[in-house]
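K.L.:
Got a structure for you, written out below as structure tokens; questions coming shortly.
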Amino acid sequence: MSDAPKPLVFSGMQPTNTLHLGNYLGALKNWVKIQERMPCIYCVVDMHAITAEAGYAKPAELIRSTREVAAAYIAAGVDPTRSILCNQAQIPAHAELAWIFNCVARLGWLDRMTQFKEKSGKHKERASVGLYTYPVLMAADILLYKATHVPVGEDQKQHLELARDVAQKFNNDFGAPDFFPLPEPVIQGPGTRVMSLRDGSKKMSKSDESDYSRINLTDGADAIAQKIRKAKTDPAPLPDSEKGLEGRPEAENLINIYAALADEPRAAVIAQFAGQQFSAFKVALADLAVARLTPVAAEMRRLLADPAEIDRTLKAGAARASAIAEPILADVKKLVGFLV
């Protein structure tokens, strides 16, 4: 039980609302690269989706969204024959380990989670217990497979720290110092944090009321171009150095998007467009975004035309994931002292 774990990546996205450019640049594009280097499990985290109103008590919508997110993974380049592609709800071990971790984690740890405070707002007594313990389920998602690496955005780093705390405390409490690895974050590139096209100080979000704040992965060429044309900028031309982006969040966001889509350093993009007006830069950005994103949208449409095939892919992935998870969960139960 104490053998050093082999490198393994785990990551996932919630099936709530349509995925957008931020999801593509901040996660999917990097997932595709990572699967070339390490074995990966990419999960549609549908159990997380019912912790908040966006996914709760909407069964038909949740099923549709689960298939859509799975289709986005594949369309972006995740290979389900190489990586494991699954959804949480088909793997009961996620919930079983989450309960054990609920007894390992401490209220003080969860009270410090800033994302719960943001999502619950002024009425946290009305929030679900699931939303409060969301980070514990996330810890179970990762540690169930003894994952060693987790691609996370800025807003999830605190949750990964909690997963490390849970792993450390479990190992200490049950006398198995090397049982769970302490998972490491995977550092990502310039497109990691994509901001709203309407407000450069806010992250691009599926829940933003304005559709013009984001580019959806299902958008066609005309919609992509129009949203970029209408994206908020400032009156000054593009700067000639990275220092010139300070205090210009909208300019910085559009340059970051271009750099991430083109797989170029931000400095190279600035050098290419220095001194130009945003009207010219937006034309180039729109052309690049259309070239990169419309094939993804087309492949998603093709995949979603055959939902049964997506379901078969997820079921096969769940079987592969369970083959890894169940022996680990069995060892956890023995350590805890459950009769099994």
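The values are calculated or read from the model by the stated rules, or taken from the named source; none is laboratory data. Not measured: the values here are computed from a predicted model. A quick note on method: Cβ atoms are made from the backbone with ideal geometry, for glycine too, and the neighbour counts reach across all protein chains shown.
K.L.:
Is there any pair with a first residue in region 52-67 that is farther than 12 Å from ILE310 by Cβ and a second that is modelled with pLDDT under 90 and part of a loop (DSSP other than H, G, I, E, B) whose Cβ atoms are under 6 Å apart and which are 6 or more apart or on different chains, and what are they?
P.N.:
Hits for this filter: ALA54/THR16; GLY55/THR16; LEU62/GLY55.
K.L.:
In region 200-232, how many are in contact (Cβ under 8 Å) with a residue 12 or more places away in the chain, within 25 Å of LEU303 (Cβ to Cβ) and either of a type in the set (A, V, I, L, M, F, W, C) or in a strand (DSSP E or B) (or both)?
P.N.:
Final tally of qualifying residues: 7.
K.L.:
Would you tally the residues in region 3-52 being surrounded by fewer than 19 Cβ atoms within 10 Å (Cβ to Cβ), outside any loop (DSSP other than H, G, I, E, B) and either touching a Lys or Arg at 6+ places or on another chain (Cβ under 9 Å) or not hydrophobic (A, V, I, L, M, F, W, C) (or both)?
P.N.:
Qualifying residue count, region 3-52: 1.
K.L.:
Being modelled with pLDDT of 95 or more and over 26 Å from VAL129 (Cβ atoms), is that true of even one residue in region 43-61?
P.N.:
no
K.L.:
Only residues in region 100-124 that are more than 25 Å from ASN171 (Cβ to Cβ) count as the first member; pair them with residues that are of a type in the set (A, V, I, L, M, F, W, C) and in a helix (DSSP H, G or I), Cβ under 8 angstrom, at least 6 apart or cross-chain, and list the lot.
P.N.:
These pairs meet every condition: PHE116/LEU110; PHE116/LEU131; LYS119/LEU131; SER120/LEU131; LYS124/PHE116.
K.L.:
Next question, about the same structure. Taking ALA167 as the residue in question, decide whether it is assigned to a helix (DSSP H, G or I), small (Gly, Ala, Ser), at pLDDT 95 or above and out of contact with any Asp or Glu (no Cβ under 9 Å at 6 or more places or on another chain). Working first, answer last.
P.N.:
Numbers: assigned to a helix (DSSP H, G or I): yes; small (Gly, Ala, Ser): yes; at pLDDT 95 or above: yes; out of contact with any Asp or Glu (no Cβ under 9 Å at 6 or more places or on another chain): yes.
Yes.
K.L.:
Test ALA147 against the criterion of being part of a helix (DSSP H, G or I) and small (Gly, Ala, Ser), and give yes or no.
P.N.:
Numbers: part of a helix (DSSP H, G or I): no; small (Gly, Ala, Ser): yes.
No, not satisfied.
K.L.:
Please determine, by comparing only the residues of region 53-72 that are closer than 21 Å to LEU137 by Cα and in contact with a Leu (Cβ under 7 Å, 6 or more places away or on another chain), which one is surrounded by the fewest Cβ atoms within 10 Å (Cβ to Cβ).
P.N.:
For region 53-72, the residue satisfying everything is GLY55.
K.L.:
Checking the structure you have, find out if any residue of region 202-211 is surrounded by fewer than 19 Cβ atoms within 10 Å (Cβ to Cβ), touching a helix residue (DSSP H, G or I) at 6+ places or on another chain (Cβ under 6 Å) and either within 24 Å of CYS40 (Cβ to Cβ) or not polar (S, T, N, Q) (or both).
P.N.:
No, the conditions are met nowhere in region 202-211.
K.L.:
List the helices (runs of 4 or more DSSP H) that sit entirely inside region 247-340 and contain at least 3 residues that are within 23 Å of the chain's Cα centre (by Cα) and surrounded by fewer than 17 Cβ atoms within 10 Å (Cβ to Cβ). Walk me through how you get there before you give the answer.
P.N.:
Numbers: elements: 249-262, 266-273, 278-304, 307-336.
Here the list reads 278-304, 307-336.
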